[in-house]
1. Between residue 420 and residue 100, what is the label-point separation in nm under the 7 Å Cα-to-beta-carbon projection?
2. R0 = 60 Å: FRET efficiency of residue 342 with residue 272, Cβ-based, nearest 0.05?
3. At a 10 angstrom cut-off on C-beta neighbours, averaged per residue, how do the peptides 233-240, 413-420, 344-351, 127-134 rank from highest to lowest?
4. Quick one: if you stick a label point 7 Å off each Cα along the C-beta vector at residue 432 and residue 135, how many nm between them?
5. For an R0 of 45 angstrom, estimate the FRET efficiency from the Cβ-Cβ distance between residue 442 and residue 63 and round to the nearest 0.05.
6. Provide the packing ranking of 53-59, 324-330, i.e. peptides ordered by the mean count of other C-beta atoms within 10 Å per residue, highest first.
7. Along the Cα→Cβ direction, 7 angstrom out, place labels at residue 47 and residue 280. What is the inter-label distance in nm?
8. If packing is taken as the average number of other Cβ atoms within 10 Å across a peptide's residues, how do 185-191, 264-270 rank, most packed first?
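Derivation of every value follows stated rules applied to the coordinates shown; laboratory data play no part. In this text, all values refer to a predicted model and were calculated from it rather than measured experimentally. Here the Cβ positions follow ideal geometry from the backbone for every residue, glycine too, while neighbour counts run over all protein chains shown.
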Ligand code: SF4
């Protein structure tokens, strides 16, 4: 550690980090009219960098199902493009090992863009469950429909950008990997490699820097093997040129790496100073009352039947726009930070159930059990959502179908059997809430089995 941080900071080329909103990969937008420029005198070493990088990639690339599917000469261009598209969108969500599983299941179910176009949003959401950022799954489906309607898979970066949900990054990946177009791709991994290779100290989130990354990568991309070159750059960033522990001694382009040169000349500079770390904007804090409503239709001996087949869970469909658009969840309502106490949450939840779903807890059902189950914090890219979870068992006086019919038109509700919830495609936050309730029920059942029968019903209604 530097004993004189002030002096060290003075020497470093990195400027003070500034807060910035978190950036989506497709927000790394290429400058309008950008093009692959080809080698210039300013990048004299380009040819060597390309050759060394490709040699390393050929020897070290990971064997991944979408790479096999997109190999040159394998299948039609449309098939390769679809494989690249699906995998790239998934890779924007999570790590490679997780994507392999999702990708294989997705391709087994929808092997072509035509089969995907015939799917429903609900089916796609179920398949996507757990990957997060469901807007991307919606765009995949909408994009597939658009392509099928047009009758041809676009094969250039510029025409691919016209497809719903496809931005510069995905367009570059599909065009270069599936159709051999000489265009670059710039994702977080490429930004890391390029900022080190050229020792670029600027804020990587600023549009002028992003523009520079696209231009520099465009100059470097291999004219004969653009798809492999782009994958090699991403592979290098994902493996050797990692965020905190780059393996420079094994790096195929270390002799060209400017950050490595600077770090060898000045002990206060590290290659990990590049790219400059920009503080993320603090996520907004939201608070929600969540009520897992179980309908125990026509049952009196409820606790004994808590896990019986006649029990349903109430699900509500979220609005078609906004956060988690069109996904199913348990009844939830946002509450103010200062009003997260139990009486207020219950009051808000009862109002919500009555006004929007026509479930008047007092008039049309008897509450057999209602208890706080706990809290779960779910982090979205820009929101920290604290969910206060309640579990409520209702014994309805009317038929459950009647209840559905009377829900407000704008609100879609459905009742799902306990068994079916297990296999339902739920977001990870809602799955966590469901598991909390399951654990609560199991604990309560085991406690209940130790209580004499006469005291049981009294305890339930407390
Ligand atoms: S030499 Fe090190 S820092 Fe430079 S590109 Fe290679 S792995 Fe990254």
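1. Roughly 3.5 nm, to one decimal.
2. 0.80
3. 233-240, 127-134, 344-351, 413-420
4. Going by the 7 Å Cα→Cβ label model, 2.1 nm.
5. E(calc), rounded to 0.05, equals 0.60.
6. Result, highest mean first: 324-330, 53-59.
7. Rounded to a tenth, the inter-label distance reads 4.4 nm.
8. Output ranking for 185-191, 264-270: 185-191, 264-270.
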